[in-house]
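Worksheet for the structure shown next.
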Amino acid sequence: MSVLDGIRTGGGRVRLLQDRRLPVLVTAGLFLVMFGFGAFRYQSYGFLDGQVFMNLFIDNGYLLAAAVGATFVILTGGIDLSVGSVIGFTTMLTAWLVEKQGLPFLLVAPIALGVGAFGGYLMGYVIHHFEIEPFIVTLAGLFFFRGLCLVISKESISITDPTVNRLAQTHVPLPGGSFLSIAAVVSLAVLALAYYVLHYTRFGRRVYAIGGNEQSALLMGLPVAGTKIAVYTVSGFCSALSGLLFTLYIQSGDPLHAVGLELDAIAAVVVGGTLLTGGSGYVIGTLFGVLVLGLIKTLIQFEGTLSSWWTKIATGVLLFAFILIQRTMTARRRT
Amino acid sequence: MAEPRPVLEMTGIVKEFAGIRALSDVDFRLFPGEIHALLGENGAGKSTLIKVLTGVHPLDGGTVVLDGRPVRITSPLQAQQAGIRTVYQEVNLCQNLSVAENILIGREPVRAGRIRWKELRRQAAQLVTRFGLDLDVSAPVGSYPLAVQQLVAIIRAVGSGVAGDGGAGSGTRVLILDEPTSSLDRDEVEELFALMRRLREEGVAIVFVSHFLDQIYEVCDRMTVLRNGALVGEHLVADLGRVNLVKLMIGKDLDELEELSEHHGQSQAGETVVKAEGLSRAGAIAPFDLEVRTGEVLGLAGLLGSGRTELARLLFGADTSDSGRVYFEGQQAALREPNDAIGRGVAFLSENRRTEGLVPDLTVRENIILALQAARGWTRPVPASQRDELVAKYIAALDIRPADPEAKTGSLSGGNQQKVLLARWLLTRPKLLILDEPTRGIDVGAKAEIQKLVVSLSEEGVAVVYISAELEEVLRLSHTMGVLRDRRLVARMANGPDVTAGRVLEIIASGEHQ
């Protein structure tokens, strides 16, 4: 009896270690620990004010939107390096169309989204049909869109459009006196939509299947080509959306906006427990990844004496630790 | 009906890869309610034929007629829709998804675009039960052993779109099983065969590819034999004996083989160089015992894919073993990588000399010196004078042409490339030399020279493991013979006048001999 129990708990432990949800739980746990640490250390500075927590969403909404797109790509085992450049380009395009061409923001937004999605589609098409590494193709995209920024203007364009200002400054009130920005609400809506698509649609399951084994997915008769191209289209769309949210956040277009942001997005996805090899991970994990990265920034701001570069160091250490965890987990799974 | 209409007729099928003919003018037909074996050595074109039929590779010529109508199948999806279902050699499932998803992905039950998970699990569970399995369909497929995964793949292949209609295989016209049994044990094979027979009774035409001749004779009704991408013949299983079948697959007449064999009986048994006990690797080679002494040539015979190369790779540490021990000169050795074996004096000439041995863009001199330099470590370069002397010596000894140490190795003929590789390894003064197909694809003269070299090396006391698809060559050179069949070393015997090509062929065909 007791022996049997032992075996059962042993089996349970193995199952826990192999459970694909474990990395998400680890990240969520890490977030709670970090938050608890902040609450303890900076209690007297108002860390426990609900708005501090909400600001995580307000300050990182654009990153969340981009990271959700990156999650789709990484789930198929691909990578999208063009994210930051597409964001930067979207801010420029939006600022230029609104300020210099006088188009209404509500018309400009769908144009920008369409351009981002089309850029993603093209990269996906090249990746699939010419069988080129996504790393290379999206690297080309990175240079291309960053270059396009400078074609529009070499200088920053600040936005004075009243619609943009109103959207940027609107507070969505929450119970307890705190509030969210429109951008934060949009990014959470995108997250919810992505969750639904990945878990309740055939397209979403194909994304997982391709990440699990592309060759198998093909031989199972799944439309691999269409799915792969769609995934890069989704990422391009999310990058453009992220660019719009970033425009609202900064209220300007600048050719140097969001340089290297693709790396933050990838870091958030990986810290959120999605395997870079594809097929395993949850978009909810990406939310926690973004929150953890955001919380690092917040903690360093509260500390006050630390240079902001410590954010990068902490992110680096964290990423490294999570990749090691992924590695040991996949190694265990294989045996 | 004297001659029922075939469900599938492929005529004059041609497939080329980069100008090389993988299939030339192959005919293949399939009748409903039969199990049809597709046979041939590795590289005979079985997998290519299957991939052409299932739309993975486009057709370069020929026609496919399904149910009396000509069809053009251009994608796996289209093949599935036409009722051609396939289970490939490698289990083609997504390890990260659940059993239920793997069975039904691509045809999940949806309502307004939303997957109905409960219904999906219910349908999957129903299919699994119908095939007599008891699985938790929501568990990841990767958590089950390979054998179960194989059955899941079959359930996926034959499970119809909607559970609940007709028999287990409704909707399936043709089921292709490419080496489905290589990862199954005896009981699991029985289960699979029972399933195959049930599907046969339901009128499904089954294509069965297997290396295991026993299984062919147990379950199949008809067979088609391919060799070198061409059709050799179609026979009823009952009409063709095993020895004749093996002859068809190898493409040599028995008498012709008898004539060629010569014997090389005297084994000057020296000390044991290498000894393996129960060495094995799952899916590659079953546990085997082996011993090679100084000056002994051990010849390994068997069909392509019978595990010859896999055995050699274990001895060289190119693959790690799952079980068993290896001893070199009496000392147990743990071979984790080739370097462990090289350090103990093992040299291995791979069968793929172009991809796994030679660096074609380096000169003959550089290629020859490579292994010696590796053995010394990169920090201690071989002095130039010594290097040139050694290279010159081996170019002369092996008669490498052109005798120019600065020639690009890639420009040499196959036989001379092989000699360059041989020189490279001889330079390290190996105690055990493993030659995997050293004479494949080289001309007759070079072949004879390499064979002579092997004899003289063994006279100098080098232990040699000699692998070749050419039975006569193995018979002529070996002191001891090992015969492999179905990834198992089935026989070991001293070479002598009584060991003939016919006898070895019989062992390959039957395996009763131990």
Scanning the range B:419-430 for residues that are closer than 14 Å to B:A397 by Cα and not basic (K, R) gives B:V420, B:L421, B:L422, B:A423, B:W425, B:L426, B:L427
With criteria (1) buried (at least 18 other Cβ atoms within 10 Å of the Cβ); (2) part of a loop (DSSP other than H, G, I, E, B), B:K51 comes up short on (2)
Taking B:T224 as the residue in question, decide whether it is touching a strand residue (DSSP E or B) at 6+ places or on another chain (Cβ under 8 Å), in the same structural domain as B:E459 (by TED's automatic domain parsing) and modelled with pLDDT of 85 or more. no
Going through (1) within 10 Å of chain A (Cβ to nearest Cβ); (2) in contact with an Asp or Glu (Cβ under 7 Å, 6 or more places away or on another chain); (3) modelled with pLDDT under 90 one by one, B:I115 fails only at (3)
message = B:I508 - would you say it is over 29 Å from B:F328 (Cβ atoms) and surrounded by 23 or more Cβ atoms within 10 Å (Cβ to Cβ)?
response = yes
Original post:
Residues in the range B:303-318: is at least one in a strand (DSSP E or B) and small (G, A, S)?
Top reply: no
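Conditions (1) part of a strand (DSSP E or B); (2) touching a strand residue (DSSP E or B) at 6+ places or on another chain (Cβ under 8 Å); (3) under 30 Å from B:A284 (Cβ atoms); (4) facing chain A (nearest Cβ under 9 Å), marked per residue:
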residue	(1), (2), (3), (4)
B:L93	no, no, yes, yes
B:L120	no, no, no, no
B:T129	no, no, no, no
B:L133	no, no, yes, no
B:V137	no, yes, no, no
Within the range B:457-491, residues free of Cβ contacts under 8 Å to residues at least 40 places away in the same chain, more than 18 Å from the chain's Cα centre (by Cα) and closer than 27 Å to B:A282 by Cα come out as B:A491
Requested in this report: Determine if the range A:86-96 includes at least one residue that is within 26 Å of A:I266 (Cβ to Cβ), in a helix (DSSP H, G or I) and without any contact (Cβ under 8 Å) to a residue 24 or more places away in the chain.
Outcome: no
In the range B:346-370, anything closer than 15 Å to B:E406 by Cβ, in contact with a helix residue (DSSP H, G or I) (Cβ under 7 Å, 6 or more places away or on another chain) and not hydroxyl-bearing (S, T, Y) is listed as B:V359, B:P360, B:D361, B:L362, B:V364, B:R365, B:N367, B:I368, B:I369
Here the residues within the range B:386-420 that are within 31 Å of the chain's Cα centre (by Cα) and β-branched (V, I, T) are B:T409, B:V420
Within the range A:270-284, residues within 10 Å of the chain's Cα centre (by Cα) and either of a type in the set (S, T, N, Q) or under 19 Å from A:R206 (Cα atoms) (or both) come out as A:V283
Going through the range B:378-414 in order, the residues found to be more than 19 Å from B:R429 (Cβ to Cβ), in contact with a helix residue (DSSP H, G or I) (Cβ under 7 Å, 6 or more places away or on another chain) and among the β-branched types (V, I, T) are B:T409
Checking B:E234, B:E190, B:E218 in turn, the sole residue that is closer than 23 Å to B:T11 by Cα and not assigned by TED's automatic domain parsing to the domain that holds B:R485 turns out to be B:E234
inquiry  = Any residue at all in the range A:155-173 that's at the interface with chain B (Cβ under 10 Å from one of its Cβ atoms), in contact with a Ser or Thr (Cβ under 9 Å, 6 or more places away or on another chain) and buried (at least 19 other Cβ atoms within 10 Å of the Cβ)?
reply    = no
Scanning the range B:100-112 for residues that are small (G, A, S) and more than 10 Å from chain A (Cβ to nearest Cβ), the one nearest to the chain's Cα centre (by Cα) turns out to be B:A100
### Query
Looking at this structure, is A:V151 in a helix (DSSP H, G or I), more than 24 Å from the chain's Cα centre (by Cα), more than 14 Å from chain B (Cβ to nearest Cβ) and free of Cβ contacts under 8 Å to residues at least 24 places away in the same chain?
yes
Exception for B:D25 within (1) out of contact with any Lys or Arg (no Cβ under 9 Å at 6 or more places or on another chain); (2) crowded, with 23+ Cβ neighbours inside 10 Å falls at (2)
If you go through A:G236, A:G226, A:G211, the only one that is of a type outside the set (A, V, I, L, M), facing another protein chain (nearest Cβ under 9 Å) and either assigned to a helix (DSSP H, G or I) or without any contact (Cβ under 8 Å) to a residue 12 or more places away in the chain (or both) is A:G211
When restricted to B:I155, B:I176, the only residue within 13 Å of chain A (Cβ to nearest Cβ), more than 25 Å from the chain's Cα centre (by Cα) and under 21 Å from B:R198 (Cβ atoms) is B:I155
request  = Could you check, for the range B:479-500, whether at least one of its residues is among the hydrophobic types (A, V, I, L, M, F, W, C) and part of a helix (DSSP H, G or I)?
outcome  = no
Condition set aliphatic (A, V, I, L, M) and part of a helix (DSSP H, G or I), scope the range B:66-91, selection farthest from the other protein chains (Cβ to nearest Cβ): answer is B:A79
Those residues of the range B:352-374 which are under 11 Å from B:L421 (Cβ atoms), buried (at least 18 other Cβ atoms within 10 Å of the Cβ) and at pLDDT below 85 amount to B:R353, B:G357, B:L358, B:L370, B:A371
Within the range B:100-150, the residues that are under 18 Å from A:A217 (Cα atoms) and among the polar types (S, T, N, Q) are B:N102, B:Q149, B:Q150
Residues of the range A:127-138 being surrounded by 15 or more Cβ atoms within 10 Å (Cβ to Cβ) and touching a residue at least 24 places away in the same chain (Cβ under 8 Å), in sequence order, are A:I127, A:H128, A:P134, A:T138
Scanning the range B:35-47 for residues that are surrounded by fewer than 22 Cβ atoms within 10 Å (Cβ to Cβ) and either over 23 Å from B:M196 (Cβ atoms) or away from chain A (no Cβ under 14 Å) (or both) gives B:E41, B:N42, B:G43
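Conditions tested, residue by residue: (1) touching a residue at least 60 places away in the same chain (Cβ under 8 Å); (2) over 27 Å from A:S216 (Cβ atoms).
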position: B:R5; (1), (2): yes, yes
position: B:L8; (1), (2): yes, no
position: B:G12; (1), (2): no, yes
position: B:F17; (1), (2): no, no
position: B:L30; (1), (2): yes, no
position: B:G33; (1), (2): yes, yes
position: B:V52; (1), (2): no, no
position: B:V56; (1), (2): no, no
position: B:G62; (1), (2): no, yes
When restricted to B:D436, B:D498, the only residue at pLDDT 85 or above and in the same structural domain as B:A284 (by TED's automatic domain parsing) is B:D436
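The values are calculated or read from the model by the stated rules, or taken from the named source; none is laboratory data. Since the model is a prediction, treat every value here as computed from it, not as a measurement. Because the Cβ atoms are built from the backbone with ideal geometry, glycine has one as well, and the counts that use them run over all protein chains shown.
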